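What follows is a short report on a single structure.
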Ligand SMILES: [Zn+2]
């Protein structure tokens, strides 16, 4: 059976026995969106998603991570959560706090840090098996809520996420007919970004990958900050926006209604300017 069908079946089976997942998937189907445009130059869609409050406000500093139980390790996952093995290395799981239709977390079996390295080829294998999906990666310091346990995420494609044309933030696009060539091109981009901060384990990046007309596409979003200052301020100026790959691609997740209602074009420009690294 093909993997996409297996995933459909996994969702049906899991939703029958896992109320949290079922409730949040139901909420996903009548979620509110608001589109902001910059003429024909750019579009950003806001998604009001209260179930993401926990994730957006997650503490991901070293101490907090060390003190908590890893929710991606097999022994700590909810007993109700089942998955599909992939490549003998990963388990494909339904994400109980979705931001996309059929939102998946694809966790490596081993508890090793979130560093993409050679695993970019695994990401390309995933998109090959999941032509209707985007697969994404949040670096440890820019959006991953489990920076200590390697994982990808995936969800059904939506147009807003497939565009690299958005001048509000940097996006490096790789396009190739073969996995091996896409991997090689990614290596050049990675090394170039790493040269800016050679002492870091990996450059701050978000990645989105998908298939488009038989080609392997990788979008790399270089980052210079995890969260904008508005995230940690208090009072009227606070905006609870914690950008990851989906936000960088063009869909900004707002877990609070007040932020969803009040964010305007200039706020988005300001947020992207703070967290996206300009490419010279
Ligand atoms: Zn773990």
(message) If you average the C-alpha positions of segment 140-207 and of segment 246-280 separately, how far apart do those two centres end up, in angstrom?
(response) 18 Å
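Let me know the shape class of segment 1-125, please: from the alpha-carbon gyration tensor, a ≥ b ≥ c as square roots of the eigenvalues, rounded when a/c is under 1.5, otherwise prolate if a/b is greater than b/c, or oblate.
On the way: a/c = 1.38, a/b = 1.25, b/c = 1.11.
Here segment 1-125 falls in the rounded category.
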(message) Need one word for segment 15-76: rounded, prolate or oblate. Basis is the Cα gyration tensor (sqrt eigenvalues a ≥ b ≥ c); a/c below 1.5 gives rounded, then a/b vs b/c decides.
(response) oblate
(request) Springs between alpha-carbon atoms under 10 Å, Gaussian network over the chain: tell me which of 203, 98, 113 tops the mean-square fluctuations. (result) 113
(request) Choose one answer from 59, 89, 262: the residue with the largest mean-square fluctuation in a GNM of the chain with alpha-carbon springs under 10 Å. (result) 262
(request) Report the full-extension gain for the segment residue 196 to residue 40: residue separation times 0.36 nm, less the Cα-Cα distance, to one decimal in nm. (result) 52.9 nm
(request) Calculate the radius of gyration of the Cα atoms of the chain to one decimal place, then report Dmax, the largest Cα-Cα distance, as a whole number, both in Å. (result) 17.9, 52
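Divide by every residue of the chain the summed helix terms, -39500 (n - 2.57) for each DSSP H run of at least 4, and state the resulting mean residue ellipticity at 222 nm, rounded to the nearest 500 deg cm²/dmol. Kindly include the intermediate steps, with their values, before the conclusion.
On the way: 10 runs with 88 residues, N = 280.
My calculation for the chain gives -9000 deg cm²/dmol from helical runs alone.
Shape call for segment 156-236 from the C-alpha gyration tensor, a ≥ b ≥ c root eigenvalues: rounded (a/c under 1.5), prolate (a/b greater than b/c) or oblate?
Working: a/c = 2.97, a/b = 1.38, b/c = 2.15.
Cα axes put segment 156-236 in the oblate bin.
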(message) Relative contact order for the chain: what percent, with Cα pairs under 8 Å and sequence separation of 6 or more?
(response) 22 percent
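Since every read-out is calculated from the coordinates, none of them should be taken as a lab result. This is a predicted model, so every value here is computed, not measured.
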